[in-house]
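A quick write-up on the structure given underneath.
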Amino acid sequence: MRPIRSIGLAVTALLVLSACQAYNLAESGKSIELAKSFSMTPARDWNLAVNGKVQIWTIEGPILQRMQVFNGIEDGKPLVEALSADQDKKPPVFEASMTPIEIRDLFVATIARVSQLNLETGELRPEAVADEAGFRFEYNYTDKNGVDKRGFVLATTRNDRLYLFDYAAVALYYYERYINDAEQLVKSLSASAA
């Protein structure tokens, strides 16, 4: 694993926003559409909040565990639109021509704009997302309250849009308790007609 300095999680800002969001029930066995390109079908009930192109899925609450879906980010757009409005420096943006390493770096750079944490990422490895070529990496960090967290990112591009699935949970107890549910959720992805 390689440490990355001055990293914060965009998750922090989204979690603050999501705390104000209304969560709806994503029922077991019912498909949820992702920007008309994919759908996911949970095997158990999740709570789901939507904030623009970002979905936040959680069972116990987003501070303890959550799956964050960056849903069809368009070429030339940042992962989090709110970043472009409140800071002088232009946010990093997704480009359809990006390699997996560049997409990982985009994720890391987006995170760095929100808060300062020490994040360690694992090696990239290929992993299919429905019928698309994709990639995955694991990460861990300690949040501002000293709580260790673990996560993984699974990502792909389809029709020049980025789909990035970011699961994170408190390392002690919650990560292991819900990792199978998170894995099931991403394995349930199916491609919609393009």
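The values are calculated or read from the model by the stated rules, or taken from the named source; none is laboratory data. Given the structure is predicted, the values throughout are model-derived calculations rather than measurements. Because the Cβ atoms are built from the backbone with ideal geometry, glycine has one as well, and the counts that use them run over all protein chains shown.
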>> It is to be established whether one or more residues within region 70-81 are out of contact with any helix residue (DSSP H, G or I) (no Cβ under 8 Å at 6 or more places or on another chain), at pLDDT below 90 and outside any strand (DSSP E or B).
In response: yes
> Got at least one residue in region 84-98 being touching a Lys or Arg at 6+ places or on another chain (Cβ under 8 Å), modelled with pLDDT under 95 and not in a loop (DSSP other than H, G, I, E, B)?
Replying inline: yes
> Looking at this structure, is residue 50 modelled with pLDDT under 95 and exposed (fewer than 14 other Cβ atoms within 10 Å of the Cβ)?
Replying inline: no
> Only one of (1) part of a strand (DSSP E or B); (2) farther than 30 Å from residue 45 by Cβ fails for residue 102. Which number is that?
Replying inline: (1)
> When region 45-69 is examined, which residues are found to be farther than 30 Å from residue 146 by Cβ and in contact with a Ser or Thr (Cβ under 8 Å, 6 or more places away or on another chain)?
Replying inline: 45
> Within region 99-135, restricting attention to residues that are within 14 Å of residue 77 (Cα to Cα) and not small (Gly, Ala, Ser), which residue is modelled with the highest pLDDT?
Replying inline: 103
